[in-house]
Amino acid sequence: MNITQFVVHRKTFVSMLFIALVMLGIISYRQLLVELLPNAELPMLFVQVSSQQEYDPSYIEKQAIVPLEGAVSTLEGIEEIISEVDRQRGLISVYFNQNINTKYAFLRLQEKVNAISADLGDEFNVMVYKVDTEQLTNTFMTLQVRGSGGLDRVREVTDQKVIREFESIDGIASVQVVGGQTKSIQIILDEEARQAHNITPSRVRTLIAQNSQYKTFVGKAYEQDKYYFVNLVADYTEVSQLENIVVDSDGPVLLRDVAEIVFGVNEQETISRVNGKEAVTVTLTRDSQVNLIALAKDARAVTAKLNEELKSLDVEIDIQSDTAEQIEENIDMIIELALFGGLLAIFVLWIFLRNLKWVMIIALAIPISIFTSFNFFYAADISINSLTLVGMALAVGMLLDNSIVVMENIYRLLGRGGDKTTAVVQGAQEVWRAILAATLTTVAVFLPFLFVQNFAIR
């Protein structure tokens, strides 16, 4: 008994099987990631060496690049290493094989660099980084915060009320704010007093941060030409409370005895302009494993909630850009075009066959095939994006072509007076080789792309 005979004689089993596949496909579809373009990891990592002073390039090469190259070259899967050096920096580009696990390679490279960078001295700063397309696609929403009272007041409201709300959304990787000046506490250490009491900046930072519940950045502790970040985690409301912190029990010595504490604003380091005017801009970045469409809906809901809460403060949040909306529009357009093409093909079938029952049989194959394919999408961790949707539209066209060939042959056999079961079995058996050959011909056109080594083409 071949597969066609099995399907014909096991109608109930086959029907339940396809119903189960469609139901599982619906469940899988709801779990799939939705994005405009698929994420891809570039098989390359970079090691950057920088210095504040200018040196002869040969000196940087000898003292930093060559030792780092020796450590990097011991990693597995390396295809090529290219180094470039100028008077203040050097860059080592490490290219790996296509099948390398980039995340694991990054950790291994970081480990190798950390082991060797300690021997390079303080004159060089070494950093490992990678070019990840996720970083280019994960920023999904930009917000503009406007209000009365000046730009710095709007920035203060944003820091106190807006950031925490967005950070609490499950799936938000980071919230970045640009524009305006932030309030801070500057702790300027007196060098003579500090040394007299043998108090280090790190000790001051530790004492401030002890016994706390919530951590927030408040400013910097300065020591000559160096500074240290201070994260305030205790419930301090006045500068005097910081001044009275005991930094040495022998005396006791208070913080105000070894440092000057000033409450003010940080130097403005970022500027955001909208229509030529300075503004406060909030950028939301997602976790790459989160469904973008669902996350954007949550972010919009939080934006609406914040606008209600901030009315009394005369502050408003506007959505400047929303990648999810663009993705939804593009995907909806592709789906609409695919549906229109499928309906048009079905209409053409009806014109030629003039049999609604036969047309509906062919039309039913489209949703069954699509939802069944979502199960394989989920198993292979493939997202729904522009490329996969175009591929599915192409597959639907091939499905209709093959269905027409089979149905026309069955229709021809029925016209000769044969019974339905015999016509179905014989009709499928006669044309399956031709259908397989035609399908494999189309597949063969795209098969060479699997063997291309150039990542840009892949």
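Every read-out reported here was derived from the displayed coordinates using simple, explicitly stated rules and does not represent laboratory data. If you're wondering where the values come from, they're calculated on a predicted model, not measured in any experiment. Positions of Cβ are generated from backbone atoms using ideal geometry, with glycine treated the same way; all protein chains shown enter the neighbour counts.
Here are a few things to note about the model shown:
- Rounded to the nearest 20 debye, the dipole magnitude of region 41-135 is 160 debye, with +1 charges on Lys and Arg beta carbons, -1 on Asp and Glu beta carbons, and the Cα centre as origin.
- Placing +1 on the Cβ of every Lys and Arg and -1 on the Cβ of every Asp and Glu, with nothing else charged, gives region 332-458 a dipole about its Cα centre of roughly 360 debye.
- Remark on Val247: its backbone amide H falls under 5 Å from those of Val253, Leu254, Leu255, a criterion applied only to residues 5 or more positions apart or on other chains, H modelled at 1.01 Å from N.
- Its Cα gyration tensor gives region 288-362 an equivalent ellipsoid. The semi-axes, each the square root of 5 times an eigenvalue, are 47, 12, 11 Å from largest down.
- Amide hydrogen proximity for Ala259: with H placed 1.01 Å from N in the peptide plane, the residues at 5 or more positions away or on another chain lying under 5 Å are Asp190.
- Amide H contacts under 5 Å for Glu79, placed H, 5+ residues apart: Tyr95, Phe96, Asn97
- Our compactness index for region 345-442, the C-alpha radius of gyration over the empirical 2.2 N^0.38 Å, is 1.23.
- Calculated P(r) tail over 18 Å for region 22-155, as whole % of Cα pairs: 65
- Coupling constants for region 21-32 follow from the phi torsions by the Karplus curve (6.51 cos²θ - 1.76 cosθ + 1.60, θ = phi - 60°), and in residue order they are 5, 5, 5, 5, x, 5, 5, 4, 4, 5, 8, 6 Hz; glycine and proline get x.
- Shown in residue order for region 158-167 are the 3J(HN,Hα) couplings computed by the Karplus curve 6.51 cos²θ - 1.76 cosθ + 1.60 at θ = phi - 60°: 4, 5, 7, 10, 7, 4, 4, 5, 6, 5 Hz (x for Gly and Pro).
- Tyr95, Tyr104, Tyr59 arranged by Cβ crowding within 10 Å, fewest neighbours leading: Tyr104, Tyr59, Tyr95
- With θ taken as phi - 60° and the Karplus curve 6.51 cos²θ - 1.76 cosθ + 1.60 applied, the whole-hertz 3J(HN,Hα) list for region 304-312 is 5, 5, 5, 4, 5, 6, 8, 4, 5 Hz, x standing for glycine and proline.
- Likely footprinting exposure, Phe376, Phe46, fewest C-beta neighbours within 10 Å first: Phe376, Phe46
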